[in-house]
1. Can you name every one of the helices (runs of 4 or more DSSP H) wholly within region 1-72 that holds 3 or more residues which are closer than 21 Å to E113 by Cβ and either out of contact with any strand residue (DSSP E or B) (no Cβ under 7 Å at 6 or more places or on another chain) or modelled with pLDDT of 95 or more (or both)?
2. Which one of these does W91 not meet: (1) under 15 Å from the mean Cα position of the chain (by Cα); (2) open to solvent by 80 Å² or more (accessible area, probe 1.4 Å)?
3. Could you give me the residue pairs with C-beta distances under 6 Å whose first residue belongs to region 16-42 and is touching a residue at least 12 places away in the same chain (Cβ under 8 Å), whose second residue is surrounded by 16 or more Cβ atoms within 10 Å (Cβ to Cβ) and not in a helix (DSSP H, G or I) wherever it lies, and which are 6+ apart or on separate chains?
4. So if I check each of Q48, Q31, Q7, which one is over 22 Å from F74 (Cα atoms) and either out of contact with any helix residue (DSSP H, G or I) (no Cβ under 6 Å at 6 or more places or on another chain) or surrounded by 15 or more Cβ atoms within 10 Å (Cβ to Cβ) (or both)?
Amino acid sequence: MDDVLRQALLFDFYGELLTDHQRTIYEAVVQEDISYSEAAQMFGISRQGVHEQVKRSDRLLEEYESKLHLVERFLKIREKVQQIQALSAQWDEMDKKTFVGQVSELSEQILEEL
């Protein structure tokens, strides 16, 4: 998974755990792609201050993920759902027993993740 997607997922899952100030700066720089200099002017802090806030927020989001694993679980479940969709697209070519068995196995794996 590329860094941009990972950052977006981490922020989606844990962004509300950041302070309002951290969240606002992080959204501006990472999500809205505003430069550190532009963000510094917007928020009335130094460019270095913006950089430090973004790095601190990145670190916090990663720490939350290392403890809670919500993004990891989400990605595993999404992969299983994609496998079920792929199986469904092959429904006509498969024997019913095989199809049901594979979907059942994948759904059990999803339930284990939850």
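The values are calculated or read from the model by the stated rules, or taken from the named source; none is laboratory data. Please read these numbers as outputs of a predicted model, since none were measured by experiment. Because the Cβ atoms are built from the backbone with ideal geometry, glycine has one as well, and the counts that use them run over all protein chains shown. Ligands, DNA and RNA are excluded from the accessible area calculation, which covers all protein heavy atoms including side chains. Shrake-Rupley method; radii C 1.70, N 1.55, O 1.52, S 1.80 Å.
1. 3-14, 47-68
2. Result: W91 passes all but (1).
3. A28/I34
4. Q48
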